[in-house]
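Participant: One structure is given below, represented as structure tokens, and several questions about it will come after.
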Amino acid sequence: MLDRFTGMQVFILAASHASLSAAARALDMSPAMATKHVDALEARLGVKLLHRTTRRLTLTEAGTDYLAASRRILQEMEEAESEVAARRVDAVGRLRINLPLSFGTRFIAPLLPEFSRRYPQVEVELGLSDAQQDLIQGGWDMAIRIGHLADSALKARRLADCPLRICAAPGYLERHGTPRRVTELSAHNCLSYT
């Protein structure tokens, strides 16, 4: 099935220039392809839009009506595309981000003034929580998490390494001894971040 909008473009140009060859040249396609587009358009509509001879191309009554509608439709489509494309240039709207409390406070919050200066039409909403979040149900646009990603249909990207260290106060080690192997940690009083 040929593209309807291209068919409309071919039809409009053919009617404007009274020539399928001129329409084909304007759209950088072969005259045979331009003819196929008009034929497909007429077959889909079930009416003749153009009277075609080897020397002349004229509109039928239905073609005259369809030409006005086609011009309006393509104009509205171009306007809609322009409006959407304009949003691409200027970021607008609300961005909801969920972050671990310490990470968000230390690394992301300091970046917000500069982000807001660069994108004044974006309202940032930070959710600071160490709990796992259901992004869809919570309405979050994105989340940053530290750790391994569980199987998920969500798209994820690794941002950076986050090395973990095991630390102890000298007084604790004097009282309880210094572990030599990771397996010995289970016998110690550990505060862990999960």
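Please treat every number below as a calculation from the coordinates, not as lab data. Quick caveat, the model's predicted, so the values are computed rather than measured. A quick note on method: Cβ atoms are made from the backbone with ideal geometry, for glycine too, and the neighbour counts reach across all protein chains shown.
Participant: For VAL92 and GLU76 in one chain, what is 0.36 nm times their gap in residues minus the Cα-Cα distance, to one decimal in nm?
Facilitator: So the chain would gain 3.5 nm between VAL92 and GLU76.
Participant: Putting +1 on Lys and Arg Cβ atoms and -1 on Asp and Glu Cβ atoms, find which of ALA15, LEU74, THR54 reaches farthest to the positive end of the dipole of segment 4-88.
Facilitator: Farthest along the dipole direction, towards plus: THR54.
Participant: Another question, then. Regarding the chain, what is the average projected area of its C-alpha convex hull, in nm²?
Facilitator: Average projection, Cα convex hull of the chain: 20.0 nm².
Participant: While we're here: For ARG44 and LEU126, calculate 0.36 nm times their separation in residues minus their Cα-Cα distance, and state this gained length in nm to one decimal.
Facilitator: 24.3 nm
Participant: Okay, next question. Summing Lys, Arg as +1 and Asp, Glu as -1, what charge do residues with Cβ under 14 Å from the Cβ of PHE11 carry, PHE11 excluded?
Facilitator: +3
Participant: Could you work out how far helix 31-45 tilts from the main Cα principal axis of the chain, as a 0 to 90 degree angle to the nearest 10?
Facilitator: Once rounded, the angle reads 90 degrees.
Participant: Pop out the ³J(HN,Hα) list for segment 56-66 in order, Karplus 6.51 cos²θ - 1.76 cosθ + 1.60 with θ = phi - 60°, rounded to Hz; leave Gly and Pro as x.
Facilitator: Once θ is set to phi - 60°, the couplings for segment 56-66 become 9, 9, 10, 7, 7, 5, 5, x, 5, 5, 5 Hz.
Participant: Turning to a different aspect of this structure: Could you work out which residue, out of ALA26, ALA80, ALA143, moves most in a Gaussian network model of the chain, that is, has the largest mean-square fluctuation with Cα springs under 10 Å?
Facilitator: Maximum fluctuation in the GNM of the chain, among the listed residues, is at ALA26.
Participant: What is the spin-label model distance, in nm, from GLU61 to ARG106 if the labels are put 7 Å beyond Cα along the C-beta direction?
Facilitator: Once both label points are built, they end up 8.0 nm from each other.
Participant: Could you tell me the relative contact order of the chain? Use alpha-carbon pairs under 8 Å, at least six residues apart, and round to a whole percent.
Facilitator: The normalised contact order for the chain reaches 14 percent.
Participant: Give the separation of the Cα centroids, segment 59-79 to segment 141-194, in Å.
Facilitator: 66 Å
Participant: Here is a follow-up. Averaging sequence separations of C-alpha pairs under 8 Å and six or more residues apart, then dividing by the length of segment 47-148, give the relative contact order as a whole percent.
Facilitator: Worked out over segment 47-148, it gives 27 percent.
Participant: What percent does the relative contact order of segment 90-164 come to when contacts are Cα pairs within less than 8 Å and at least six residues apart?
Facilitator: Dividing the mean separation by the residue count of segment 90-164 yields 42 percent.
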